[in-house]
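Okay, structure first, notes after.
The values are calculated or read from the model by the stated rules, or taken from the named source; none is laboratory data. On a predicted model such as this, the values are computed, not experimentally measured, just so you know. Neighbour counts are summed over all protein chains in view; Cβ atoms, including those assigned to glycine, are modelled from backbone coordinates with ideal geometry. What goes into the accessible areas is simple: the full protein's heavy atoms, side chains included, and nothing from ligands, DNA or RNA. Shrake-Rupley method; radii C 1.70, N 1.55, O 1.52, S 1.80 Å.
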Amino acid sequence: MNTKPDLFPAPPCSAADLPIDAEGRIYHLQITPEQLAPDILLVGDPGRAEFIARTFLHDLEVEREHRGLVTATGTSCATGGRTTIISPLRATVATSGMGTPSLEIVLNELVALCEIDFATRTPKPLFPRLHIIRVGTSGGLQASTRLGTSIITAYALGMDNTGLFYETPCPDQTCARLEQELAQVVEKAARPDSRFRGKIHPYVSRAEPAVVRALTQAAQELGVAARTGLTVSSSGFFAPQGRDISRLRPSTPELDRIFSEFDPGLDGLRIENMEMEASFLLHFLGGLGHWGGAICPVIANRRDNTFDHDYLTAIEGATKTALLALAALSTR
Ligand code: R1P
């Protein structure tokens with residue numbers, strides 16, 4: 001893959017812009033370019049990354065932990081499921097941490113490991129396309145969604161502002177239309193006296209359609225309960241997701257209800273879930289020509305106020321689905 005031939009030759013990245021240690025490892029993830037596989041599972045929780053590495057990968061080439069970020073590369077040979085056995089897939093599992101600020105660090109480093117020649121600190125003329133699927137937890141926004149159902153993201157609505165720092169063209173007309181409509185919805189939802197009314201500007205990103213198809217097919221093959229829909233990525237867990245537990249008033253209350261009632265006008269697709277990372281993942285990867293997707297089981301339903309503390313089975317199902325999808329997408 002070579003996405004930017006017109007920008008060559010590019011100047012080397014400085015040591016301050018791209019910190020690399022004496023062993024040739026990138027600063028936060030502490031792995032070398034050779035230790036990254038182009039097929040990647042990305043999870044928020046470092047414990048989940050360790051669990052996936054232990055349970056689904058063998059012949060580990062590397063397993064690092066630095067600043068709460070776990071990164072491991074190994075081989076996945078079977079997704080389990082009913083009858084589906086896949087041929088060995090070299091895969092990396094990495095942690096994003098919680099929220100887009102941490103994810104922004106991790107994604108930039110994953111892409112740099114893929115695209116930059118660490119010896120010269122300049123872009124490689126050729127590099128493989130990355131396939132990165134987020135396996136996360138989320139809150140369901142539709143009352144009909146049972147706890148444990150995996151939501152496959154078609155579009156993400158970015159209520160964070162991390163994506164606004166990266167210029168990318170709108171991937172399609174749907175993104176452009178939704179951005180306009182959501183700006184009005186969010187402004188209207190703000191308290192009339194809020195000093196922040198009109199200052200929250202959502203951006204909309206699209207999952208790579210081939211990844212959505214691969215995840216949907218994999219879930220069907222494995223018998224994993226899944227729904228496709230839109231995902232709201234919030235800038236926090238409490239007020240940004242409509243929760244009101246502190247003594248400060250939320251500037252924009254009831255965002256969970258407002259998003260659950262919004263009709264995106266997409267053949268019956270609804271806003272299905274809320275989490276904190278899909279927006280930037282899809283925005284950043286889409287702009288670079290890498291492929292991104294997200295599958296996030298619903299562990300709380302915000303419409304009927306239920307919560308499932310025991311969501312490991314749902315995470316296992318989503319992980320197997322993501323690995324099977326990666327195997328189908330892989331250009332090995
Ligand atoms: C909040 O509890 C965290 O859980 C969700 C949110 O996006 C946020 O990161 O995802 P993970 O379970 O992948 O961390």
query = Do we have any residue at all in the stretch 75-86 that's touching a strand residue (DSSP E or B) at 6+ places or on another chain (Cβ under 8 Å), modelled with pLDDT of 95 or more, open to solvent by 10 Å² or more (accessible area, probe 1.4 Å) and over 20 Å from Arg25 (Cβ atoms)?
reply = yes
task = Identify the residue in the stretch 285-310 that is farther than 16 Å from Ile152 by Cα and crowded, with 24+ Cβ neighbours inside 10 Å and, among all such residues, is nearest to the ligand (Cβ to nearest atom).
result = Arg302
ask   = Taking the stretch 216-259 only, how many residues are of a type in the set (A, V, I, L, M) and either modelled with pLDDT under 95 or under 18 Å from Asp160 (Cα atoms) (or both)?
value = 5
ask   = So which residues in the stretch 116-136 are surrounded by fewer than 21 Cβ atoms within 10 Å (Cβ to Cβ) and outside any strand (DSSP E or B)?
value = Phe118, Ala119, Thr120, Arg121, Lys124, Pro125, Leu126, Phe127, Pro128, Arg129
Flag for Pro38 being closer than 17 Å to Ser330 by Cβ, out of contact with any strand residue (DSSP E or B) (no Cβ under 6 Å at 6 or more places or on another chain) and not hydrophobic (A, V, I, L, M, F, W, C) = yes
task = Give me the pairs, please: first residue somewhere in the stretch 95-121 and of a type in the set (Gly, Ala, Ser), second residue anywhere and open to solvent by less than 30 Å² (accessible area, probe 1.4 Å) and away from the ligand (no atom under 16 Å from the Cβ), beta-carbon distance under 8 Å, and either six or more positions apart or on two chains.
result = Ala112/Leu18; Ala112/Ile26
query = Can Arg213 be described as outside any helix (DSSP H, G or I), modelled with pLDDT of 95 or more and more than 16 Å from the ligand (Cβ to nearest atom)?
reply = no
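Residue by residue, here is whether (1) in contact with a Cys (Cβ under 7 Å, 6 or more places away or on another chain); (2) within 27 Å of Gln217 (Cβ to Cβ); (3) outside any loop (DSSP other than H, G, I, E, B) holds:
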| position | (1), (2), (3) |
| --- | --- |
| Val93 | no, yes, yes |
| Ser102 | no, no, yes |
| Leu107 | no, yes, yes |
| Gly148 | no, yes, no |
| Leu157 | no, yes, yes |
| Leu164 | no, no, yes |
key: Members of the stretch 211-221 that are surrounded by fewer than 21 Cβ atoms within 10 Å (Cβ to Cβ) and in contact with a Ser or Thr (Cβ under 7 Å, 6 or more places away or on another chain)   = Val212, Thr216, Glu221
key: Which listed residue is open to solvent by less than 10 Å² (accessible area, probe 1.4 Å) and closer than 22 Å to Gly289 by Cβ, from Ala91, Ala154   = Ala91
